[in-house]
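Note sheet for the following structure.
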Amino acid sequence: MEEAAARERKRPREGDAAPSAAAAAGAGKAQYVYLPVADALKAPGARVFLFAAVSEIGAAVRSRGTDFTLTLRVADQSRPAGISVTFFADNVALLPCVKASGDVISLHNVVITMHGEFFVTFNKKFSSFALFEGKVSTECSPYQTSTKYYGTQYDNELLTQMRTWLAYNPPGLKDLELQLRSLKSDTTFDLVCKVLHVYENNGEWIFYVWDGTDTPAAEFQAILDAEAVESSPLHLEGVPLPREVLCTMPCVGTVLRVFTNRYIKEVFHLQKNIYWARFCNITCKQEFGIWKGILGPSSRVRLLSHEDGSVVDRMNRIANQVHRQPMASLPGASNIADVEYEAAGYTTLMESLTHEQVTHKFKTLVRVVAAYPCRASELRLLLTGSYCLRLTLEDPTARIHAYVHKDDGAKFFGGFLTAEALIKKMNKLLGIPEEDEEGTPLTRNPPWIWCCVKSYRLDKNDPWGSRRYRIFGTEIRD
DNA sequence: TTGGGG
């Protein structure tokens, strides 16, 4: 009798709870109390009550049936790795709308299922939920509840416990999280970033993502494959971004292109709005010295709200950023170029690309990643003064082609040089190391140089299409 | 019914 009374006391007032669930949970167990997630897994098929923190927020999408569906990952102390919860509802507004990861969710009458691994299913007929803010607060009432949610006498106490646990175990902190500034090739990591643009073509998707930091400057093969150097691309995508999209890109920090040929269901939301997101289990590599993100079979995309801890952290860092110059060039750019255009302010390449006027002059800090021509035999032709040199300039925000006009060649190279001196200067510019006793080094690492560049147009009728860049007032020092 | 990561 007493046991039954105790059970009754602990049982939330949820009148329509099915008796079969109690039977499934085994005799004598008070099934209608909240269970630690790890314990709930011992009762697959049973309806259970869970009180957990939301660690990942999926996007609401239409199911293959008639409903809308949403997946959250929730965790508690008993299972910090968390478990996936699938919600169904015939209306998006009925799905949980989690404000930030780390918020707390109460789940009543959800069912544990096992399909290779454990899942939690929210059944729209008999399950209910409530969402609470995860940050420490005296506010204990939920900010969203489903219909049929009846709070229990344990809610407040569990909420306080969960908030305390969360304060020491923030859900955003993952050991495999990297920023763009610390990218590494061939490792799998998570990236918290703002998705600025999504491009689709024939089942291939490109996500343009940004976290306010600069990708590391690439090292190139030192043995000059002239063809590879001359054809060094300005960007990885086949079709360059249309100007109206380009102009929405930030002027500081790298916009990383993340490629996939898999359909990512969050893509709909990302195309419609600019979101912060967590790209999970992604990899990266360099192509032509440009970083490229890749979403593989095990990668996922999770939308994050602006209130999410990881996002707030990124935005604070961006707001506090003092250096607009490329991070990799700090503490000081090598002084191999001497710049006349003292009056001009510093401008990133993206700032120039998105400048509202075609024609303008600026001073920038860049690396020369490629040159055309670069073969010694052809470089000699520059000495005749009737050819121009095309340099591929790079900073963390963009690459451009900039021409050293034939009239500016002598100024740029610091006088009329012998062929040998010219080749030596070009090698220095491209970061090609001089041979030493050890033999030819394997990599070249172009130095950062200050450059004056002017932007102009060839055709009045097509100013943007015929836009060119030309280097002026810049001299390569010995 | 639908849908689903370690």
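Put a plus charge on the Cβ of each Lys and Arg, a minus charge on the Cβ of each Asp and Glu, and nothing anywhere else: the dipole of chain A about its Cα centre is then about 1100 debye. Apply the a/c threshold of 1.5 to the C-alpha gyration tensor of segment A:392-440 and tell me whether it is rounded, prolate or oblate. It comes out oblate by the Cα gyration axes.
Taken about its Cα centre, segment A:327-476 carries a charge dipole of roughly 600 debye when the Cβ of each Lys and Arg holds +1 and the Cβ of each Asp and Glu holds -1.
If you take every DSSP beta bridge whose two residues both sit in segment A:344-478, what share of them, in percent to the nearest 5, is antiparallel?
Numbers: 27 of 29 bridges.
Here the antiparallel bridges make up roughly 95 percent for segment A:344-478.
Sorted largest first, the principal axis extents computed over the alpha-carbon atoms of chain A equal 105, 56, 42 Å. As a ratio to 2.2 N^0.38 Å, the alpha-carbon radius of gyration for segment A:327-476 is 1.06. With a cut-off of 11 Å between beta carbons, the residues surrounding A:Leu417 carry a summed charge of +1, where Lys and Arg count +1 and Asp and Glu -1. Here chain A exposes an accessible surface that is 52 percent carbon and sulfur, computed with a 1.4 Å probe and the other protein chains kept in place. Computed from backbone phi with θ = phi - 60° and the Karplus coefficients 6.51, -1.76 and 1.60, the 3J(HN,Hα) list for segment A:382-387 is 4, 5, 6, x, 10, 10 Hz; x is used for glycine and proline.
Ordering A:Val358, A:Phe122, A:Thr348 by Cα displacement along the dipole of chain A toward the positive end leaves A:Phe122 in first place; charges were set at the Cβ atoms of Lys, Arg (+1) and Asp, Glu (-1).
Using Cα atoms only, what is the angle between the long axis of helix A:309-320 and the major principal axis of chain A, expressed in degrees (0 to 90) to the nearest 10? Rounded to the nearest ten degrees, it is 30. The Cβ shell under 12 Å around A:Glu287 holds other residues with a net charge of +2, Lys and Arg each +1, Asp and Glu each -1.
If a/c stays under 1.5 just call it rounded; otherwise compare a/b with b/c (prolate if a/b is bigger, oblate if not). Do that for segment A:99-171, with a ≥ b ≥ c from the square roots of the Cα gyration tensor eigenvalues. Verdict is oblate for segment A:99-171.
The trypsin sites (Lys or Arg not before Pro) of segment A:106-138 that meet both conditions, a loop assignment by DSSP and at most 13 other Cβ atoms within 10 Å of the site Cβ, are A:Lys125.
For a test of the definition: using alpha carbon positions, the gyration tensor, and the 1.5 limit on a/c, classify segment A:167-268 as rounded, prolate or oblate. In terms of gyration-tensor shape, oblate. Separation of segment A:59-138 and segment A:414-456, taken as the distance between their Cα centroids, equals 58 angstrom.
I want the local charge near A:Asp90. Using Cβ-Cβ distances under 12 Å, sum +1 for each Lys or Arg and -1 for each Asp or Glu among the other residues.
Working: positive: A:Arg62, A:Lys124, A:Lys125; negative: A:Asp67.
Here the count lands on +2.
Rolling a 1.4 Å probe over the heavy atoms of the protein chains gives chain A an accessible area of 49 Å² per residue.
On a 0 to 90 degree scale, rounded to 10, what angle separates helix A:155-168 from the longest Cα axis of chain A? Roughly 30 degrees between the two axes. Out of A:Ala222, A:Leu166, A:Val239, whose Cα points farthest toward the positive end of the dipole of segment A:150-267 (charges: +1 Lys, Arg; -1 Asp, Glu; placed on Cβ)? Of the options given, the answer is A:Leu166.
List, in the order given, every pair from A:Lys42/A:Lys148; A:Lys292/A:Lys428; A:Lys194/A:Lys272 whose Cα-Cα distance in the structure shown is over 24 Å.
On the way: A:Lys42/A:Lys148 26 Å; A:Lys292/A:Lys428 27 Å; A:Lys194/A:Lys272 13 Å.
With Cα atoms farther than 24 Å apart: A:Lys42/A:Lys148; A:Lys292/A:Lys428.
Counting other C-beta atoms within 10 Å, and keeping those with at most 11, which DSSP coil GluC sites (Glu not before Pro) do you find in segment A:338-397? All intermediate terms of the calculation are to be shown ahead of the outcome.
Details: sites: A:Glu340, A:Glu342, A:Glu351, A:Glu356, A:Glu378, A:Glu394; in loops: A:Glu340, A:Glu342, A:Glu356.
Sparse-neighbourhood loop GluC sites (Glu not before Pro): A:Glu342, A:Glu356.
Over 18 Å, how big is the tail of the calculated P(r) for segment A:337-386, in percent of all Cα pairs? Provide the component values of the computation, followed by the final result.
Details: 657 of 1225 pairs.
Tail of P(r) above 18 Å: 54 percent of Cα pairs.
Which lysines does A:Lys361 reach when only Cα atoms under 16 Å apart count, and residues fewer than 8 places away in its own chain are ignored? By straight Cα distance, A:Lys361 reaches A:Lys454.
Just flag the trypsin sites (Lys or Arg not before Pro) in segment A:48-93 sitting in loop per DSSP whose Cβ has no more than 16 other Cβ atoms within 10 Å.
A:Arg64
The values are calculated or read from the model by the stated rules, or taken from the named source; none is laboratory data. Please read all numbers here as calculations on a predicted model, not as lab measurements. FYI the Cβ positions are ideal-geometry reconstructions off the backbone, even for glycines, and counts take in every protein chain you see. These area figures cover heavy atoms from the full protein model, side chains too; ligands, DNA and RNA do not enter into them. Shrake-Rupley method; radii C 1.70, N 1.55, O 1.52, S 1.80 Å.
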